[in-house]
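Input: a single structure, listed below in structure tokens.
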């Protein structure tokens, strides 16, 4: 019974994170959604470890991998955001989809800095 | 009984603060709402008897969220939320997709006949974890180490705008690097 | 003998003891300052109490545009983190809760202070406060790794993350003697974690108080008390980790714990008075280039010692 409760918690966290990752425009907010989804993986792995196979440490190893994935996701996400911002003055996923920076609807010019382009 | 109550509080708190991340205007508050969500899940993991991993989640997530706060303030147009503005696209579609995913996952959770636990958990799960990553699952540990190292290098390369030619001159002959901020060791 | 868990009534003792030690640290700081200024040091012993009374009756300052929720939360988090961290610190042979991962728990509670100080700086909607909060993040990120490796050395020497086991492993020789580099790095990085003395730049005078610039009245009192409690906590944790815990002749264990804690706390207070403030933009590199390799080598030495012992 408790297993189902934990898994429902994980499902809810995953869905909230998915909503954020799909609906947010800012790269940083998208990453917050991704973090919530990985968080759900942590809860799932921990709950499945205790309630189905506590004798083998596989579930715990999976939690460790998920925590690492979170750290890697954040470091690389911010590095890419920084590189993107530096090159194109863009911090929103919609504008990052364009291959060329040719103005148009994506160019809001709201940011200072990066004037040497 | 106590465990059920604590779990219920943690579960509701984790989901509510997770939802608050995308509801509040202030980016600082969004970051700390996400941190609260992680603290609640850390407590839930502690309830499962995984004391090491639970505390590790708390430790790591506080640090991670503080770094996140820095980047939030750096990149968001409206970090303090003083001028309410909307930065979302296709909100209804996202809502429909995530609600559908939740219903699907919940149906799976309820309908799948989960196997019974085969035995009691070890006395010290952290010890079992350590033995696993240093023994049978050593490949995981090695890969994690490699990936983290590669991440450090790649993130630094991506994020920095200055290379060695900026620091040591075009022919790399400069004796001391020309850095915007000097280091602490006589450089 | 070591590592027993105290009954529940002992829990209120933890904040009381931390408060008493913190008061001692505050009074010591005031006395050192008074002596440097040429006044009588004995009169400074009541200075923290006078200052607390003054802050209690002072009217709260309000700041336009402040994020009051985060601001208040940040101030309250510092003493709370200190008390939570102290739950695993044994007094004599007993701790309130001798967790199996006590060392990691202690570190996690220390990290909470990063969030607290940044919230304080951000919430006050003041440029001084925000700069102070950022300074503390740089300091925390730079000194967390050496700090963690110093803690790891002690845990490695004992083969356990339980604080009681770390104490028990020091029956033959104290870890301060066995791993002096780790002990030294622990003291330095603990000062950085407690934004104390040379690492006080986040709340430095060059920033008009930094993260606490806009705090007044009871808010400032809570933060000041929390800061000294936190300093007392990092001093108290040095005792079970490196100074043999309650080990000592004649006197009962808890007296030795308190005496050693007071000694470490006195050392930190004296160092904080003597050493000049360091600029974190310059000394971040010292942490990465000197302290991290030193602690890694120390951990290697400890690991080899544990293997051949």
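Please treat every number below as a calculation from the coordinates, not as lab data. Worth saying up front: this structure is predicted, and the values here are computed from it rather than measured. Positions of Cβ are generated from backbone atoms using ideal geometry, with glycine treated the same way; all protein chains shown enter the neighbour counts.
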Evaluate the following for residue B:121: is it in contact with a helix residue (DSSP H, G or I) (Cβ under 7 Å, 6 or more places away or on another chain), surrounded by 11 or more Cβ atoms within 10 Å (Cβ to Cβ) and touching a residue at least 40 places away in the same chain (Cβ under 8 Å)? yes
Please count how many residues of region C:258-295 are assigned to a helix (DSSP H, G or I), farther than 15 Å from residue C:23 by Cα and touching a helix residue (DSSP H, G or I) at 6+ places or on another chain (Cβ under 6 Å). 11
For residue B:126, indicate whether it is surrounded by 11 or more Cβ atoms within 10 Å (Cβ to Cβ) and either under 30 Å from residue A:22 (Cβ atoms) or within 25 Å of the chain's Cα centre (by Cα) (or both). yes
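Tell me whether region B:81-92 contains one or more residues that are in a helix (DSSP H, G or I) and at the interface with chain A (Cβ under 10 Å from one of its Cβ atoms). Can you show your working first?
In the first step, residues of region B:81-92 are kept if they are in a helix (DSSP H, G or I); the result is B:91-92.
Next cut, at the interface with chain A (Cβ under 10 Å from one of its Cβ atoms) only: B:91-92.
Looking through region B:81-92, at least one residue is in a helix (DSSP H, G or I) and at the interface with chain A (Cβ under 10 Å from one of its Cβ atoms).
Name the single residue, out of those in region A:1-10 being surrounded by fewer than 23 Cβ atoms within 10 Å (Cβ to Cβ) and either at the interface with chain B (Cβ under 7 Å from one of its Cβ atoms) or assigned to a helix (DSSP H, G or I) (or both), that is nearest to the chain's Cα centre (by Cα).
Taking region A:1-10 and keeping what is surrounded by fewer than 23 Cβ atoms within 10 Å (Cβ to Cβ), we get A:1-5, A:8.
Next cut, either at the interface with chain B (Cβ under 7 Å from one of its Cβ atoms) or assigned to a helix (DSSP H, G or I) (or both) only: A:2-5, A:8.
Working: A:2: 28, A:3: 25, A:4: 25, A:5: 24, A:8: 20 Å.
Among residues in region A:1-10 that are surrounded by fewer than 23 Cβ atoms within 10 Å (Cβ to Cβ) and either at the interface with chain B (Cβ under 7 Å from one of its Cβ atoms) or assigned to a helix (DSSP H, G or I) (or both), the one nearest to the chain's Cα centre (by Cα) is A:8.
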Subset of region C:170-199 [crowded, with 22+ Cβ neighbours inside 10 Å and outside any helix (DSSP H, G or I)]: C:170, C:179, C:194, C:195, C:196
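Residues checked against (1) over 19 Å from the mean Cα position of the chain (by Cα); (2) more than 12 Å from every other protein chain (Cβ to nearest Cβ); (3) under 30 Å from residue C:250 (Cβ atoms):
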position	(1), (2), (3)
C:78	no, yes, no
C:86	no, yes, yes
C:89	no, yes, yes
C:96	no, yes, yes
C:99	yes, no, no
C:138	no, no, no
C:149	no, yes, no
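Please pick out the residue among C:128, C:71, C:105 that is buried (at least 21 other Cβ atoms within 10 Å of the Cβ) and over 20 Å from the mean Cα position of the chain (by Cα).
Residue meeting the stated conditions: C:71.
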Conditions (1) in a helix (DSSP H, G or I); (2) farther than 21 Å from residue C:148 by Cα; number of the one not met by residue C:250: (1)
Flag for residue B:20 being assigned to a helix (DSSP H, G or I) and touching a residue at least 40 places away in the same chain (Cβ under 8 Å): no
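Being surrounded by 15 or more Cβ atoms within 10 Å (Cβ to Cβ), facing another protein chain (nearest Cβ under 7 Å), in contact with a helix residue (DSSP H, G or I) (Cβ under 7 Å, 6 or more places away or on another chain) and outside any helix (DSSP H, G or I): is that true of residue B:115 here?
no
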